[in-house]
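Notes follow once the structure below has been shown.
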Amino acid sequence: MFLKILIGIMIPFIGTMIGSSVIFAVKKEVSSHIKNILSALAGGIMLAASVWSLIIPAVEMSGGEGISRVWQTVAGFLSGVISMIWADRIVDRSIKRCDKYTPYATKTLMQLIAVTVHNIPEGMAVGMVFASLLAQDGVKDFTSAFLLAFGIAVQNIPEGAIVTMPVMAENKSRKKTLLWGFFSGVVEPIGAVIAILASKLMAVTLPFFLSYAAGAMVYVVAEQLIPDMYEGEIKKGSITVIFSLGFLLMMSLDVIFG
């Protein structure tokens, strides 16, 4: 059990490191086509995971009837979205100041901060899914949790490259550059552990935190992945199909094994 959870919460971090390791294999940016496809696949998986792995379990765990059954889920979801908006605004303001007053190196640092800010709730989402499974007596199948972790890992591959490529462009050491990817991704397993520990201490509020993670993930899908997946020469219809396949894959496996 412990080993499964440990592996699960490390999967997104591994995705970041795979993307960051691209600097050892290429001398230019990752193909825009690959970025579009990965963004579409990850977006579909994460959107479905937000519904079937986070929101639905949150509602089922709330109990009660009417408003009492959904208020924690609604409050948690909105809190997740609002906190991500707030975090993005802080980063955007910092980037604008960097554009005006500081060199390119500082702007690269702010890009690292932006990716790291997005990674925290993603790690938390993985932790919350594992926590919800542990809270249900007799549940031994972690397929849905592992699939969510995989979906986030897929998204993290291009993000890892995005963080490290600009640093390498400044003629930095590849080994030192890899540390940038490491620090942006290591917050995910840390966030997952914190989420699991917090869920045990605050079992009554688990529906709130599950939906909070869902809100943060939906924000990332809407603000980052959907715009990214349509930036490129691949036909919009093809990208939408890939997004839909990712969604259906996650939904189907979660329903079958959930």
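The values are calculated or read from the model by the stated rules, or taken from the named source; none is laboratory data. Keep in mind that this is a model prediction, so the values were computed, not measured. Cβ placement follows ideal geometry from the backbone for every residue including glycine, while neighbour counts extend to all protein chains displayed.
Numerical summary
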read-out: Residue within segment 35-56 that is more than 16 Å from the chain's Cα centre (by Cα), under 18 Å from V154 (Cα atoms), of a type outside the set (A, V, I, L, M, F, W, C) and part of a helix (DSSP H, G or I) present; value: yes
read-out: Residues being β-branched (V, I, T), under 13 Å from S53 (Cβ atoms) and surrounded by 14 or more Cβ atoms within 10 Å (Cβ to Cβ) - total across segment 205-257; value: 1
read-out: Which numbered condition V186 fails, given (1) more than 17 Å from F77 (Cα to Cα); (2) surrounded by fewer than 20 Cβ atoms within 10 Å (Cβ to Cβ); (3) at pLDDT below 80; value: (3)
read-out: Looking only at segment 45-68, and only at residues there that are in contact with a Ser or Thr (Cβ under 8 Å, 6 or more places away or on another chain) and closer than 10 Å to P207 by Cα, the one that is surrounded by the most Cβ atoms within 10 Å (Cβ to Cβ); value: L54
read-out: Filter pass, V193 being touching a residue at least 60 places away in the same chain (Cβ under 8 Å) and farther than 16 Å from S79 by Cα; value: yes
read-out: Single unsatisfied condition, C98 versus (1) surrounded by 17 or more Cβ atoms within 10 Å (Cβ to Cβ); (2) at pLDDT 75 or above; value: (2)
read-out: Among (1) more than 19 Å from the chain's Cα centre (by Cα); (2) modelled with pLDDT under 90; (3) of a type in the set (S, T, Y), the one test that Y219 misses; value: (1)
